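Asks: I have a structure I would like to understand better, so I am pasting it below and will then ask my questions one at a time.
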Amino acid sequence: MDSAIATREIMWMIPSWMGVTMYVIFAASLAVLFVGLKKKYSFIVGDGKFSDLFPHGLQWGSLLQTLFLQGKVPRNKRVGALHALIYYSFIILLIATTLVAIHHDLNLHVYQGMTYIIVSFLADLAGVSILVGLALAYHRRYIQKPDHLSATRPSQELYMYGMLVSLVVIGFVLEGMRIYGTGMPLNESIWSPVGWVVAMIVRGMDLSDGALSSIYRGLWVFHMINTMVFIASISCTKFFHFLAIPLSALFTGQRQGGILDPMNFEDESAETFGLGKSSEMTVKQKFDTLACVECGRCTLACPANLADKPLNPKTIVTKARDAIQNVDNGEIDFWGENPIYTATELDSCTTCGACMEECPANIEHVQIIMGLKRYKALTLGELPPAAADAANKIKINGNPWGIAQDDRFNWAEGLDVPVAEEGQHIDYLYYVGCAGSYDAGNQSVVKDTIALMKKAGVQFAVIGKTEKCNGDPIRRFGDEYTFYEIAIENIDQINKYKFDKIVTHCPHCLHTIGKEYAKFDNGDFDVVHHTELLADLVRSGKLAPKKEVNQEFSFHDPCYLGRHHGEYNAPREILAAVPGLKITEMEMNKDQALCCGMGGGNMWYEIDEGKHLAENRLEQVGETKVPKLATACSYCMINFNSSKGTVKSTEELEIEDVSQILAKSVLD
C-alpha cells in the first residue's frame, strides 16, 4: 500500500443500521453523563456561585502543567512513570478515535496517508503501554497493598482497571480480525504491529467467512456498548478524576490552602460557628471531597501520621465524602450523635501543608480541618487543656507563656534598639514576636538580626513594650473569635506607624500578619521574613560575609516559610555566601521537608498517642552525620533544642538560626 494513500476501511463489516444505533446509544450515554455531572454541580455549588470555586482567579499555568505534564503525579517517580504509561496512551487513543470519527462522520479525509500511519502505530503502542501501566498499578494496589492506598470502595479501582483492559484488548482483537479479513495488507505489519500479531492468530484459527463476520460484529457491539458505558460512568466512578483534577488545578490558587478567612460574628441568625454540617462546607471544600482519588500521597507526607498520631489527611476528606454520599439529600451533621471526627484527630494537625503540597488533586485539607476545629472550639467549647491555658495567657498577658507584658521588651536592655514612634517614617517595622521577646534562644536571633540591620544601615524600629502576640496559636486552636479580637487590636496598633514593610524572623508571624491580617479592614501589610531581607542585603553588598565559618550544617526548611510562603532560596543564599561554610542537605528538603511538629497550635499542647513529632525529623538530621543544624523559625529552634536528646544521633546537635551564622561572618 502506498504510504500516500494509506488508510483503512472504517466501520468494516458493520451495516449502517448498527452505526445509527451506535450514535443513538452514544447520545444516551452523554445524557447519563450530563445528568451525573449536573447532580455533582448542584451539590458543589448549592446556593453559592460557580465563581466561588476560584476566588483567587483561574490558574491557567497549573491547568496546562496538569494536562501536559501530569501535574503533581510525577513527584513520586515510580507512580509518575506507571501513570504516564496509562495517561499519555489514553490521550493517544482518544486522538485516534477522534480522527476516525472526523474522517468517517464529517467526510473529512484526515485519517489517511502519513497521519494514518503514524497514529495507527502510536495507537498500537499506546494500547500495549496502557496494559503494562494497568498491570503495574494493579500489582501495586492489590498485590503489594501499601496501607496508604486503602480505599473505602476498592471495587471502584477494579472497575477502572477492568474497563480500560477490556476496551484495549477487544480493540486489538477487532483490529486483528479486520486486518485478517481485508487480506492481510503487508504494510499493516509495520504500522499496526499488535493488530498484525492478532491477525496471524486469527488466520491460524481457520474461521469461515460467516463465523468471522458474526464474531466480529458481536465483539464490535460489545466494544461499542462497553465504550458507551465507560462514557456514561465518568460522573459516578473514579473516572471522574479525568475531569476533576484538571479543573482543580485550574481553580486552586497557589499557597492559599493555609490562609484562613475571617468568620462573620455579626450574623445574629447563626446558631453555630465553624464547620458542623456538609451544607456549611465552602464550594471548594465540596469539590475537594469529590476530587479525591484516595492515592494516599497526603497520608505519606503527613508528619502527624508518620508519628503515629490519630490523623490521616486522606480520611478527613473521604469520611465527609462517604457520609454525604450515604444520605439522599447530602446533608450530614459531622458532629451528631455519632461524630465522624475525633478531637485528637483534628488537634494532631500541624497545618504544615505537606498534604496539600503533595496532593495531585490540589485538595486543601487544612481548610477542612480548620473549619472543623473552629466548630469544636467555638460551638462545642472543646480545646485541649494546655491550649486553653495558652489562649488564656495570650488574652491576659499578650503571649502564650503568660509572662508579664511589662517584661516583653526586657531583651533590649542596653542595646540601643530604636522604638517606633507615631508620625515617624521608617523603612522596616521589626515585629519581634513572642518567642523573640521571651525565649532566650530566640532573643539571640533577634539581637543578631538587629545588629546586622544596623551594620547594613537599614532604617528600622520595633514596637517595643506594647507589641502583643499576633494570635497565630489561638487561630490554629480554632478559637476564631478571640483571634478576631486580637487581630483587630494589632491592626490598629500597627497602623499607628508609618513604614514600608514589616520584617519578622518567625514564619508563623509572617503568615498571620502578612497573609491573614490582609483579610481584615486596613490589615494589608507588606511583610518579609528576616532571611529575605538579609539575603537582599548580602546581594546588594550592604552586608559582606568575610570571616570564615569553617563548619558544616544541615538546613531545615520551616513549613510556614517554605510550603506556605514559597521561600526556599533566601536562607540558602545567605549560607552559601558565608566563607568556609558547608551545607549538607537532608534527603527530604525544600517542599518535601518534614515538619518539626509545632505548627497548628501543637507548640502549646501534646497529643499523647504516638511519638513526639520532632523525632522523625531529628532522625533525618542525624542521617546527615552533620554536627550543626541551621533553621529560620522560632518554633523549630525551640522544638529541636528541647527534643534533640530523644534521638541518639542528635544528642550533641547544635542548632542556630541563619541570622546567627551570618552574624559570625559579618560582625566584628
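The values are calculated or read from the model by the stated rules, or taken from the named source; none is laboratory data. The structure presented is a predicted model; accordingly, all values stated were derived computationally and were not measured. Cβ atoms come from the backbone with ideal geometry, glycine included; neighbour counts cover every protein chain shown. Accessible surface areas use protein heavy atoms only, side chains included; no ligands, DNA or RNA. Shrake-Rupley method; radii C 1.70, N 1.55, O 1.52, S 1.80 Å.
Asks: Whether any residue in region 529-540 is in contact with a His (Cβ under 6 Å, 6 or more places away or on another chain), outside any helix (DSSP H, G or I) and not aromatic (Phe, Trp, Tyr) is what I want to check.
Replies: No, that holds for no residue.
Asks: Out of the residues in region 293-303 that are open to solvent by 20 Å² or more (accessible area, probe 1.4 Å) and assigned to a loop (DSSP other than H, G, I, E, B), state the one that is farthest from TYR568 (Cα to Cα).
Replies: Going through the qualifying residues, I end up with VAL293.
Asks: Give me the residue from region 533-563 that is surrounded by fewer than 22 Cβ atoms within 10 Å (Cβ to Cβ) and charged (D, E, K, R) and, out of that set, nearest to the chain's Cα centre (by Cα).
Replies: This residue is ASP536.
Per-residue answers, yes or no, for (1) assigned to a helix (DSSP H, G or I); (2) more than 30 Å from THR344 (Cα to Cα):
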residue: ILE474; (1), (2): yes, no
residue: PHE483; (1), (2): yes, no
residue: ILE486; (1), (2): yes, no
residue: ASP492; (1), (2): yes, yes
residue: LYS496; (1), (2): no, yes
residue: HIS508; (1), (2): yes, no
residue: TYR517; (1), (2): yes, no
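Asks: Right, something else. Output the residues belonging to region 324-352 that are more than 24 Å from ILE607 (Cβ to Cβ) and either assigned to a helix (DSSP H, G or I) or in contact with a Pro (Cβ under 6 Å, 6 or more places away or on another chain) (or both).
Replies: If the condition is that a residue be more than 24 Å from ILE607 (Cβ to Cβ) and either assigned to a helix (DSSP H, G or I) or in contact with a Pro (Cβ under 6 Å, 6 or more places away or on another chain) (or both), then ILE324, GLN325 are the ones that fit.
Asks: Report the residue count in region 142-152 for those that are open to solvent by less than 80 Å² (accessible area, probe 1.4 Å) and either farther than 20 Å from CYS355 by Cβ or among the aromatic types (Phe, Trp, Tyr) (or both). Don't jump to the end; show me each part of the working.
Replies: The initial filter retains those residues of region 142-152 that are open to solvent by less than 80 Å² (accessible area, probe 1.4 Å), namely 142, 146, 148-152.
This time we only want the ones that are either farther than 20 Å from CYS355 by Cβ or among the aromatic types (Phe, Trp, Tyr) (or both), so: 142.
Count: 1.
Asks: Taking LEU618 and the conditions (1) open to solvent by less than 50 Å² (accessible area, probe 1.4 Å); (2) touching a residue at least 60 places away in the same chain (Cβ under 8 Å); (3) on the phi < 0 side of the Ramachandran plot, which numbered condition does it fall short on, given that it satisfies the others?
Replies: That leaves (2) as the condition not met.
Asks: Follow-up. Please list, ordered by first then second residue, the pairs with beta carbon atoms under 9 Å, 6 or more apart or interchain, first in region 299-317 and at pLDDT 95 or above, second in a loop (DSSP other than H, G, I, E, B) and of a type in the set (Lys, Arg).
Replies: Qualifying pairs under 9 Å: CYS302/LYS309; PRO303/LYS309; ALA307/LYS611; ASP308/LYS611; LYS309/LYS611.
Asks: Can you name the residue in region 318-355 that is of a type in the set (Val, Ile, Thr) and under 24 Å from the mean Cα position of the chain (by Cα) and, of all such residues, is modelled with the lowest pLDDT?
Replies: At the first step, the residues of region 318-355 found to be of a type in the set (Val, Ile, Thr) are 318, 324, 327, 332, 340, 342, 344, 350-351.
Next cut, under 24 Å from the mean Cα position of the chain (by Cα) only: 318, 324, 340, 342, 344, 350-351.
Working: THR318: 96, ILE324: 92, ILE340: 95, THR342: 96, THR344: 96, THR350: 98, THR351: 98.
If we take residues in region 318-355 being of a type in the set (Val, Ile, Thr) and under 24 Å from the mean Cα position of the chain (by Cα), then ILE324 is modelled with the lowest pLDDT.
Asks: Looking at SER444 and the list (1) under 20 Å from VAL658 (Cα atoms); (2) open to solvent by 50 Å² or more (accessible area, probe 1.4 Å), which single condition is not satisfied?
Replies: For SER444, the exception is condition (2).
Asks: Could you tell me which of the residues ALA354, ALA307, ALA361 is in contact with a Ser or Thr (Cβ under 7 Å, 6 or more places away or on another chain) and crowded, with 23+ Cβ neighbours inside 10 Å?
Replies: Details: ALA354 fails: in contact with a Ser or Thr (Cβ under 7 Å, 6 or more places away or on another chain); ALA307 fails: in contact with a Ser or Thr (Cβ under 7 Å, 6 or more places away or on another chain).
Selected residue: ALA361, the only one of ALA354, ALA307, ALA361 that is in contact with a Ser or Thr (Cβ under 7 Å, 6 or more places away or on another chain) and crowded, with 23+ Cβ neighbours inside 10 Å.
Asks: Next up: If a residue has to be in contact with a Leu (Cβ under 6 Å, 6 or more places away or on another chain) and open to solvent by 20 Å² or more (accessible area, probe 1.4 Å) to count, how many in region 370-390 make the cut?
Replies: The total comes to 1.
Asks: Here's another thing I want to ask about it. Here are GLY176, GLY113, GLY183: which of them is open to solvent by 50 Å² or more (accessible area, probe 1.4 Å) and farther than 22 Å from ALA81 by Cα? I'd like the intermediate steps shown before the answer.
Replies: On the way: GLY176 fails: open to solvent by 50 Å² or more (accessible area, probe 1.4 Å); GLY113 fails: open to solvent by 50 Å² or more (accessible area, probe 1.4 Å).
After ruling out the rest, the residue left standing is GLY183.
Asks: Name the residue that is farthest from TRP12 (Cα to Cα), counting only residues in region 155-172 that are surrounded by fewer than 20 Cβ atoms within 10 Å (Cβ to Cβ) and β-branched (Val, Ile, Thr).
Replies: Looking at the filtered set, the residue picked out is VAL165.
Asks: Okay, next question. Give the residues of region 353-397 that are of a type in the set (Gly, Ala, Ser), over 22 Å from THR272 (Cβ atoms) and not in a helix (DSSP H, G or I), sorted by residue number. Before you say what the answer is, go through the steps one by one.
Replies: Looking only at region 353-397, we keep the residues that are of a type in the set (Gly, Ala, Ser), and these are 353-354, 361, 371, 377, 381, 386-388, 390-391.
After this cut, where a residue has to be over 22 Å from THR272 (Cβ atoms) as well, the list is 353-354, 361, 386, 390.
Those that are of a type in the set (Gly, Ala, Ser), over 22 Å from THR272 (Cβ atoms) and not in a helix (DSSP H, G or I): GLY353, ALA361.
Asks: So how many residues does region 419-441 have that are surrounded by fewer than 17 Cβ atoms within 10 Å (Cβ to Cβ) and under 22 Å from PHE499 (Cα atoms)?
Replies: First, pick out the residues of region 419-441 that are surrounded by fewer than 17 Cβ atoms within 10 Å (Cβ to Cβ): 419, 421-425, 427, 440.
In the following step, the residues that additionally are under 22 Å from PHE499 (Cα atoms) were identified as 419, 421-425, 427.
Qualifying residue count, region 419-441: 7.
Asks: Would you point out the residue of region 564-589, among those that are of a type in the set (D, E, K, R) and under 19 Å from VAL528 (Cβ atoms), that is surrounded by the most Cβ atoms within 10 Å (Cβ to Cβ)?
Replies: Start the filter on region 564-589 by keeping residues that are of a type in the set (D, E, K, R), which leaves 567, 572-573, 582, 585, 587.
With the extra rule that they be under 19 Å from VAL528 (Cβ atoms), the set shrinks to 567, 572-573.
Working: GLU567: 22, ARG572: 20, GLU573: 17.
So, considering only residues that are of a type in the set (D, E, K, R) and under 19 Å from VAL528 (Cβ atoms), the one surrounded by the most Cβ atoms within 10 Å (Cβ to Cβ) is GLU567.
Asks: Follow-up. So in region 641-668, with the set limited to residues that are farther than 17 Å from THR624 by Cα and of a type in the set (D, E, K, R), which one is least open to solvent (accessible area, probe 1.4 Å)?
Replies: ASP657
Asks: If TRP17 meets every condition in (1) open to solvent by 80 Å² or more (accessible area, probe 1.4 Å); (2) in contact (Cβ under 8 Å) with a residue 60 or more places away in the chain apart from one, which number is that one?
Replies: (2) is the only condition that TRP17 fails.
Asks: While we're on this one: Given HIS56, HIS103, which one is modelled with pLDDT under 95 and outside any helix (DSSP H, G or I)? Before the answer, list the steps.
Replies: Working: HIS103 fails: outside any helix (DSSP H, G or I).
Residue meeting the stated conditions: HIS56.
Asks: Looking at region 245-286, which of its residues are open to solvent by 30 Å² or more (accessible area, probe 1.4 Å), in a loop (DSSP other than H, G, I, E, B) and touching a residue at least 12 places away in the same chain (Cβ under 8 Å)?
Replies: Of region 245-286, the ones open to solvent by 30 Å² or more (accessible area, probe 1.4 Å) are 247, 254-256, 261-273, 277, 279-280, 282.
Pick out the ones that are also in a loop (DSSP other than H, G, I, E, B) and you get 254-256, 261-273, 282.
Within region 245-286, GLN254, ARG255, GLN256, ASP261, PRO262, MET263, PHE265, THR272, PHE273, THR282 meet the criteria.
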